[in-house]
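Notes for the one structure printed next.
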Amino acid sequence: GGAPKADQTERDTDEAFKVLTRGLTKIDLASAAERIGARYDRGRLTLKILGKDFSVDAAGNLFAEIHVHRWIAVPVLDYILNSKGTPVSGNWVPFRELKGSQPWERFFVHRCEKPLKRVADTYTELFHDMLHIFNGRQVESYYGSDISLVLYPLPKVPLLICYWKPEDGMGSSLHLFFDSTAVDHLSVNSIYILVTGLVIMFEKIALRHG
């Protein structure tokens, strides 16, 4: 479909949530767990979101250690239902190189990369805290960035955040990269919603610590 308008996205997200929770009642959670790098125990599928446990049961009930907003729940359910289980390739690409990303590209830059850069510019401890709160890990510099950090919003959908500090009259910049297999696990729409949800979480943390 085309790209989103804010209030419409809100409604669509609620609608998608209902459709996806119904979908859970139709699949075998035990085999889904095997496919997506989750575990299955006593009727619940459990996976790690940013290092925290998130579980669903066959009736579509959600159980989580973190507050689960629709923005996070929709991509997670999409992942459980539709991920092909492809192994992570280790090949990082920008959002615009993901298949089918074109209609979303402007929104992604505007709603995900720019706000996260604003947070990073003003809240200097951001990356340090992201390592601890969200189970991230620092990786060797990518594209000469000052900070390269990998988060796992979903087990097979890592996110690489690169930040370049301002220098020599050049402003700072921040870019997000995905494993090239990301679209085997989530629709582009879900990837956009997932990262939007993360940015909202980071903004809230920054406000608390600002």
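Just so it is clear, none of the values below were taken in a lab; they were calculated from the coordinates. Keep in mind that this is a model prediction, so the values were computed, not measured. No Cβ is skipped: glycine too gets one built from the backbone with ideal geometry, and neighbour counts run over all protein chains shown.
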Burial order of peptide ranges 155-167, 102-114 (average beta-carbon count within 10 Å, highest first): 155-167, 102-114
Per-residue ³J(HN,Hα) for the stretch 61-67, Karplus 6.51 cos²θ - 1.76 cosθ + 1.60, θ = phi - 60°, Hz, x for Gly and Pro: 7, 10, 9, 8, 7, 10, 5
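What FRET efficiency comes out for D57 versus H132 if R0 is 30 angstrom and r is the Cβ-Cβ distance? Round to the nearest 0.05.
Taking R0 as 30 Å, the efficiency between D57 and H132 is 0.50.
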Under 21 Å between alpha carbons - lysine pairs in the stretch 1-145 that sit 8 or more apart or on different chains: 6
Span from the the stretch 49-88 Cα centroid across to the the stretch 132-157 one, whole angstrom: 20
